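To start, the structure under review is shown below, and the notes come after it.
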Amino acid sequence: MVDTGYYKNRPRPTSAPQGCPVDHTFSPFEENYRKDPYAELEKRRSGSPVFYSEKLGYLVLTRMEDVSEVFRKPEIFSSENVQYPVTPICDAAKSILAADDYDPMPVLSNGTPPDHTRVRKHAQAGFSGRRIRILEPYVRRRCETLIDAMIAKGSPANFVKSVAHPLPGETIFRFIGFPEEDDQKLKEWTANRLAFTWGKTSDDEQVEIAENMLAYWRYCAAFVKRRLADPADDFTSELLAVHKSHPDDLAFKEIESVVYGLSFAGHEIVTNLLSNCLINLLSNRSQWEEIRDHPEMIPKAVDEVLRIDSPQTSWRRVAVVDTEIAGYKISAGTEIFLSLASANHDEELFENPESFDIFRKNAGAHISFGRGIHFCLGNRLAILEATIALETLVERLPSLMLVEEQTFSFYPNFTFRGPAELWLTWSG
């Protein structure tokens, strides 16, 4: 058992609530779901919108109303399980993460009140409008540089490798304060971490990822210690200033853990968002031309992508007391699969939900950033990156197109969705 607060093996699945429909086939790891989760979810939402997945051992919620209710009640539905590996960790990987100095704390995504409330207050202050404004020129310069390099290499180009993967990683590293000369090893250490927690990996892959995670944790701990002695104008230094003034309100170990967690959260998910934006806009040519001719429409387009093709398709909670959902009595310990993808296509809220429409008036009602006390801290930064990327692309490459007949490959995992590669072409 890995008992760090982050990477516990999940408990044995509970049984289906009494009277609740049981689905014997549903799983995000199945080929049909990987190819088109929305078709699979629509079938469930229109039939049994609340059901127990036998393969997952989770109660699955598909309607916006039910998903939102769980997010709004953290005292009943805890976030403590969100970082638990979906599939068991092998003994060799457990041994690596059992190192005495590997001890990240649950602080944000998997933190629970009252500690979560206290830590989040300070972390949220670090995502201030001032900090985003400071970072924006860097994001724009780096985005332009990456896109210009992609253009210089010529068409066709793999957008994921050229832009969508490096830009978010480097952006969150600058936000935290990591020096640019460390970018390459940081990217190597943080690669595939989502697969470790939310995917299905071989024992050899788990060992490699665990070694990288340990190395990365040690880097974060050393960096925070260095910033304590030599502060700068960055997010880490802001948290350390709070610690120096009020050590009882924000512990040093909590700052290490926030830095460690944020650098993962702000990377691969945003990579998926950038890619999903292009897949949807370039597949609907008239809407690409609309943002090309009217760039002020880009924020609306980003909202619609977040709704129709979220980079995060699900999240999870665990009931900590006996309670009830949608009329079903559920026992404490029941794990819950919150289908954000399905909720974002809920016909009760969105008209013609399968249609991509950047003019949709209520696209912003999507739930891709969550709800309640765990609402995504980095939502403004993710939207900023997507907006700048689209602004730069429509200006420099108005003729941009998807390479025809390409097949998108999606890594099998519990919650995140974006193509492994995205090939683009252009004229001129």
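The values are calculated or read from the model by the stated rules, or taken from the named source; none is laboratory data. Just so it is clear, the structure is predicted and the values come from calculations on it, not from any experiment. We place every Cβ from the backbone using ideal geometry, glycine too, and count neighbours over all the protein chains shown.
Every residue in the stretch 407-420 that is part of a loop (DSSP other than H, G, I, E, B) and surrounded by 14 or more Cβ atoms within 10 Å (Cβ to Cβ), please. Those that are part of a loop (DSSP other than H, G, I, E, B) and surrounded by 14 or more Cβ atoms within 10 Å (Cβ to Cβ): Phe408, Tyr411, Pro412, Phe414, Thr415, Arg417, Gly418.
Is it the case, given these coordinates, that Leu393 is over 30 Å from Lys73 (Cβ atoms) and not in a loop (DSSP other than H, G, I, E, B)? For Leu393, the condition - over 30 Å from Lys73 (Cβ atoms) and not in a loop (DSSP other than H, G, I, E, B) - is met.
In the stretch 198-207, the qualifying residues are those that are touching a residue at least 12 places away in the same chain (Cβ under 8 Å) and in a helix (DSSP H, G or I), and the one that is surrounded by the fewest Cβ atoms within 10 Å (Cβ to Cβ) is Asp203. Selection of the stretch 112-154 for residues being closer than 30 Å to Glu80 by Cα and exposed (fewer than 12 other Cβ atoms within 10 Å of the Cβ) yields Pro114, Gly129.
The rows are residues; the columns are (1) over 22 Å from the mean Cα position of the chain (by Cα); (2) assigned to a helix (DSSP H, G or I); (3) more than 29 Å from Phe408 (Cβ to Cβ); (4) at pLDDT 95 or above.
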{"residue": "Gln124", "(1), (2), (3), (4)": "no, yes, yes, no"}
{"residue": "Leu167", "(1), (2), (3), (4)": "no, yes, no, yes"}
{"residue": "Asp182", "(1), (2), (3), (4)": "yes, yes, yes, yes"}
{"residue": "Phe196", "(1), (2), (3), (4)": "no, yes, no, no"}
{"residue": "Ile209", "(1), (2), (3), (4)": "no, yes, no, no"}
{"residue": "Met213", "(1), (2), (3), (4)": "no, yes, no, no"}
{"residue": "Arg218", "(1), (2), (3), (4)": "yes, yes, yes, yes"}
{"residue": "Ala221", "(1), (2), (3), (4)": "yes, yes, yes, yes"}
{"residue": "Arg227", "(1), (2), (3), (4)": "yes, yes, yes, yes"}
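Among the residues making up the stretch 254-302, those that are out of contact with any strand residue (DSSP E or B) (no Cβ under 9 Å at 6 or more places or on another chain), closer than 24 Å to Leu194 by Cα and hydroxyl-bearing (Ser, Thr, Tyr) are Ser257, Tyr260, Ser263, Thr271. Taking the criterion of being assigned to a helix (DSSP H, G or I) and of a type outside the set (Asp, Glu), the residues of the stretch 289-306 that qualify are Ile291, Arg292, Pro295, Met297, Ile298, Pro299, Lys300, Ala301, Val302, Val305, Leu306.
Per the conditions (1) within 22 Å of Cys376 (Cβ to Cβ); (2) in a helix (DSSP H, G or I); (3) of a type in the set (Phe, Trp, Tyr), the sole criterion not satisfied by Phe178 is (2). None of Ser95, Ser68, Ser79, Ser53 is within 30 Å of Glu208 (Cα to Cα) and touching a residue at least 60 places away in the same chain (Cβ under 8 Å) except Ser79.
Scanning the stretch 175-195 for residues that are of a type in the set (D, E, K, R) and closer than 13 Å to Asp234 by Cβ returns a single hit, Glu180. Selection of the stretch 328-354 for residues being free of Cβ contacts under 8 Å to residues at least 40 places away in the same chain and either over 23 Å from Ser27 (Cα atoms) or assigned to a strand (DSSP E or B) (or both) yields Glu351, Asn352. When Ile132, Ile147 are checked against the criterion of being modelled with pLDDT of 95 or more, β-branched (Val, Ile, Thr) and touching a Leu at 6+ places or on another chain (Cβ under 9 Å), a single residue qualifies: Ile147. Exactly one residue among Thr112, Thr171 is more than 18 Å from the chain's Cα centre (by Cα) and not in a strand (DSSP E or B), and that residue is Thr112.
Screening Gly261, Gly199 for residues that are of a type in the set (Gly, Ala, Ser) and more than 23 Å from Asp101 (Cβ to Cβ) leaves exactly one candidate, Gly199. Before we move on, is Thr415 among the hydroxyl-bearing types (Ser, Thr, Tyr), touching a residue at least 60 places away in the same chain (Cβ under 8 Å) and closer than 30 Å to Val119 by Cβ? Judged against the criteria, Thr415 is a match. Looking for something within 25 Å of the chain's Cα centre (by Cα), assigned to a helix (DSSP H, G or I) and at pLDDT 95 or above - is there at least one such residue anywhere in the stretch 307-326? For the stretch 307-326, residues within 25 Å of the chain's Cα centre (by Cα), assigned to a helix (DSSP H, G or I) and at pLDDT 95 or above: present.
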